[in-house]
Amino acid sequence: MTHAPRLPLAVGLPMAVASGLAIPVQGRINGALGARLGDGIAAAVVSFTTGLIVMVIVSLAAPRGRAGIARILPALRERRFPPYYALAGGIGAFFVFAQSLTVGLLGIALFTVATVTGQTLSGLLVDRLGIGPAGKKSVTGIRVIGCILTISAVSWAVSPRFAAGAAGAAGGGAGTADPAALLLPVILPVVAGFLMSFQQAMNGTATVHYGTPIAATLVNFIAGTCVLWVAWSIKVAVAGPANPLPGEWWYYLGGPMGCVFIGLGALLVRSLGVLVTGLGMIAGQLLGSLGLDLLVPTPGTVVEAATVLGTLLTLASIVVATLPWPRGALRR
């Protein structure tokens, strides 16, 4: 087993924020691809397959990647970690499927709140159970307050979009649908976000034994791609194929974006823990969404003071949850 040195918080947290920047870009691309194909599963298949191709090339080209590949089978045979950890890519496949299927129905705002809520709650649970390589971390009052502030801040940041959607519905436009009709589409990203913390913990543990996040990310994409191809084959047999693949190159960047945040997440959870890694990615996700809305706005995009202030409050919430507060700080 190869032990990489743990990263200090001052280094790891900015890396988590940077990796989170890729999530809204991937969401925008996969949502557009799912709408273009008329098939969320097909869009997820395209995303994971392109990501797998990228990871195969990186794994074979990089010396650390080749060394990591050589450690995969021995680690699984010797059961250095639960073998089902190798199936963590199935969680990633479910997340991308939920992304491709529901972003067009819910909008990026509601999708973001749903995934952030699920991921923040499960981050506390996974750290408490000690599933990740960082071991058990206590559920302190400060960390709970930081999580609550994060969910509130994200909701505030995306609230202008909710207001715009409600106004569109009142005017007979393409606004928010009947709440009952949104129940299942909302549940999907909540569950996907909840499972993301488990995926990060499993990939992080595998990274410790493979010696590199490259190998863990490769295994992640192999498992996810297999799951999605089976699901898509069943869907085609039942309902027929989707629309033809688009010719525009940018539709195929969702997979490489996934390589970025899955690989960095697997690297960082050993140093930061699952909750702090997730909160850092959430901050990057909001910053990336704000940047996209300013630079490449889509119809219905709304950027108001609440958007900017909510994003800043999210960053402050992460500081609250991650600073090494002294014992009993909350009581004082």
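Key figures
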read-out: The stretch 212-224, subset in contact (Cβ under 8 Å) with a residue 60 or more places away in the chain and open to solvent by 10 Å² or more (accessible area, probe 1.4 Å), residue farthest from Gly135 (Cα to Cα); value: Ile222
read-out: Those residues of the stretch 208-234 which are more than 20 Å from Ala43 (Cβ to Cβ) and hydrophobic (A, V, I, L, M, F, W, C), in sequence order; value: Val208, Ile214, Ala215, Ala216, Leu218, Val219
read-out: Enumeration of residues in the stretch 272-295 that are touching a Lys or Arg at 6+ places or on another chain (Cβ under 8 Å) and open to solvent by 30 Å² or more (accessible area, probe 1.4 Å); value: Leu292
read-out: Only listed residue being under 15 Å from the mean Cα position of the chain (by Cα), modelled with pLDDT of 85 or more and hydroxyl-bearing (Ser, Thr, Tyr), chosen from Ser47, Ser100, Ser59; value: Ser47
read-out: Options Gly265, Gly247, Gly254: the member that is open to solvent by less than 20 Å² (accessible area, probe 1.4 Å) and either without any contact (Cβ under 8 Å) to a residue 60 or more places away in the chain or closer than 30 Å to Ile142 by Cα (or both); value: Gly265
read-out: Top-ranked residue in the stretch 64-81 [being free of Cβ contacts under 8 Å to residues at least 60 places away in the same chain and under 18 Å from Gly204 (Cβ atoms); ranked as surrounded by the most Cβ atoms within 10 Å (Cβ to Cβ)]; value: Leu76
read-out: Among (1) at pLDDT 90 or above; (2) in contact with a helix residue (DSSP H, G or I) (Cβ under 6 Å, 6 or more places away or on another chain); (3) of a type outside the set (Val, Ile, Thr), the one test that Trp249 misses; value: (2)
read-out: Residue satisfying all of: in the stretch 1-19; out of contact with any helix residue (DSSP H, G or I) (no Cβ under 6 Å at 6 or more places or on another chain), open to solvent by 70 Å² or more (accessible area, probe 1.4 Å) and farther than 13 Å from Val276 by Cα; modelled with the highest pLDDT among these; value: Pro5
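The values are calculated or read from the model by the stated rules, or taken from the named source; none is laboratory data. Note that the structure is a prediction, hence the values are computed from the model and not measured. Here the Cβ is made from the backbone with ideal geometry for all residues, glycine too, and neighbour counts use every protein chain on show. Surface accessibility is based on the protein's heavy atoms, side chains included, excluding ligands, DNA and RNA. Shrake-Rupley method; radii C 1.70, N 1.55, O 1.52, S 1.80 Å.
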